[in-house]
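K.L.:
Take this structure, written in structure tokens, and hold onto it; I'll ask about it next.
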Amino acid sequence: MNSTTLSLPAPAKLNLFLHITGRRANGYHELQTLFQFLDYGDTLHFSLRDDGQLNLLTELAGVDAEDNLIIRAARLLREASGCQLGADIRLDKILPMGGGIGGGSSDAATTLLGLNQLWQTGLSLEQLAELGIRLGADVPVFVHGKAAWAEGVGEKLTPVELDEPWFLVVAPACHVSTAEIFSDQRLTRDTSPITLSAFHEVGGRNDCLPVVTTRYPEIRNTLILLNKYCEAKMTGTGSCLFGAFPNEREADKVRARLPATLRSFVARGCNVSPLHRELQKQA
Ligand SMILES: C[C@@](CO)(OP(=O)(O)O)[C@H](O)COP(=O)(O)OP(=O)(O)OC[C@H]1O[C@@H](n2ccc(N)nc2=O)[C@H](O)[C@@H]1O
Ligand SMILES: Nc1ncnc2c1ncn2[C@@H]1O[C@H](COP(=O)(O)OP(=O)(O)O)[C@@H](O)[C@H]1O
């Protein structure tokens, strides 16, 4: 690989639990959550242009190129750094959209880190995370690349070392809008804050689950199905559900029992993002 092209992963994340502890005056919610990455995700291919043009060469159904978080992240980095360079960007999209596994946010973070390298703009991870939060509450954790205990709206991050089990992730065929769930009157918004050690002792839940399963019967039915084989949880505001397994074989065995029409995959949980592992390999 030469210095004018770069291919990088944009991994998925899971919220191992998600508590809503309050609501800010601007409508955003105070959360407590644990983020872990999956060794599974999209891939972005960057190619340097010296004429300043920014082109996303891959179309994403239902998303205009200018609204795509990849182009928005690239423009933000260019403004913040004063860089005059451009890029052609291709996206191999495999992550379900609106699934609570952070595909859009991860694509944005990979763009920030990838172009920061390709354009040699020299911003620190801290500076890139500050840009990232303007694109979405989930972007900073992907920029920093470490499994984390998160508070605030998801931006106050404390790195944590977690077990790295294998996960079976199931994606019911519905797209859940984060904004729609957070604006539902019935959402629990007053869970008492807990500590990380309390989570390790008694676990946590996903406060969005009751609202999501009421609004989406398909997610409720898939949860009932998955619960027959493992302790099924939901990530973020859904739609994806997951269960943890000690090894790949056990996860694959359950996957094989699910209806073939149900989209699913098996992936390893990672405390270091595959994006950061790849960048380190190339350094
Ligand atoms: C809930 C979480 C948990 O990881 O994940 P997802 O299910 O979306 O993946 C995130 O906090 C989502 O992050 P992200 O998907 O980046 O959300 P954003 O684009 O910032 O916000 C979308 C909308 O959700 C609401 N929102 C989001 C985050 C938050 N802490 N409080 C909110 O009320 C706001 O109405 C906002 O307009
Ligand atoms: N590169 C991108 N990949 C996925 N979604 C994107 C992207 N850019 C913009 N979006 C928009 O962001 C929404 C949320 O996407 P995604 O991150 O996949 O879901 P979630 O926040 O539930 O994890 C999509 O429905 C889409 O409208």
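K.L.:
Restricting to DSSP H runs of at least four residues, report the calculated mean residue ellipticity at 222 nm for the chain, -39500 (n - 2.57) per run over all residues, nearest 500 deg cm²/dmol. Working shown, then result.
P.N.:
Numbers: 10 runs with 92 residues, N = 283.
The per-residue figure over the chain is -9500 deg cm²/dmol.
K.L.:
Picking from PRO140, GLN84, VAL211, whose Cα lies most toward the positive end of the charge dipole for the chain (charges on Cβ: Lys, Arg +1; Asp, Glu -1)?
P.N.:
Of PRO140, GLN84, VAL211, it is VAL211.
K.L.:
Have a look at ALA25, ALA61, ALA267 and tell me which one the Gaussian network model of the chain (Cα, springs below 10 Å) gives the largest fluctuation.
P.N.:
So, out of ALA25, ALA61, ALA267, the one fluctuating most is ALA25.
K.L.:
HN-Hα J couplings of region 165-173 from phi, Karplus 6.51/-1.76/1.60, θ = phi - 60°, integer Hz, Gly and Pro as x?
P.N.:
So the Karplus estimates, Gly and Pro as x, are x, 8, 10, 9, 10, 10, 10, x, 6 Hz.
K.L.:
Continuing with the same structure: Would you work out the relative contact order for the chain, in percent, from Cα pairs under 8 angstrom that are 6 or more residues apart?
P.N.:
Contact order relative to length: 26 percent.
K.L.:
Further question on the same structure: Residue by residue, what Karplus-based ³J(HN,Hα) values in Hz, rounded to whole numbers, does region 143-155 have, using 6.51, -1.76 and 1.60 with θ = phi - 60° and x for Gly and Pro?
P.N.:
So the Karplus estimates, Gly and Pro as x, are 5, 6, x, 10, 3, 8, 7, 10, 9, x, 8, x, 9 Hz.
K.L.:
Here's a follow-up. When Rg is the radius of gyration of the Cα atoms in region 136-268 and Rh is its Kirkwood radius, what does Rg/Rh come to?
P.N.:
Working: Rg = 15.5 Å, Rh = 16.2 Å.
Dividing the radius of gyration by the Kirkwood radius yields 0.96.
K.L.:
Note down the nm distance, to one decimal, between modelled labels 7 Å out along Cα→Cβ at ARG249 and at ARG49.
P.N.:
It works out to 5.1 nm between the two label points.
K.L.:
Something else about it: Among the listed pairs LYS156/LYS281; LYS146/LYS228; LYS13/LYS253; LYS13/LYS93; LYS93/LYS233, which have their C-alpha atoms separated by more than 20 angstrom in this model? Working shown, then result.
P.N.:
Details: LYS156/LYS281 28 Å; LYS146/LYS228 32 Å; LYS13/LYS253 22 Å; LYS13/LYS93 15 Å; LYS93/LYS233 24 Å.
Cα-Cα > 20 Å for LYS156/LYS281; LYS146/LYS228; LYS13/LYS253; LYS93/LYS233; rest within.
K.L.:
List the residues whose amide H sits under 5 Å from the amide H of SER239, counting only those 5 or more places along or on another chain, with H placed 1.01 Å from N in the peptide plane.
P.N.:
For SER239, whose amide H was placed from the backbone, the distant partners under 5 Å are GLY99, GLY100, VAL176.
K.L.:
Give me the orientation-averaged projected area of the Cα convex hull of the chain, in nm², one decimal. Intermediate values should be presented prior to the final figure.
P.N.:
On the way: hull surface 59.8 nm².
Directional mean of the projected Cα hull area for the chain stands at 15.0 nm².
K.L.:
Calculated FRET efficiency, GLU79 and THR158, Cβ-Cβ r, R0 45 Å, to nearest 0.05?
P.N.:
0.90
A short reminder: the numbers here are calculations on the coordinates, not readings from a lab. It should be emphasised that the depicted structure is a prediction, and the values quoted were computed from it without experimental measurement. Counting neighbours? That spans all protein chains shown, and the Cβs are built from the backbone with ideal geometry, glycine included.
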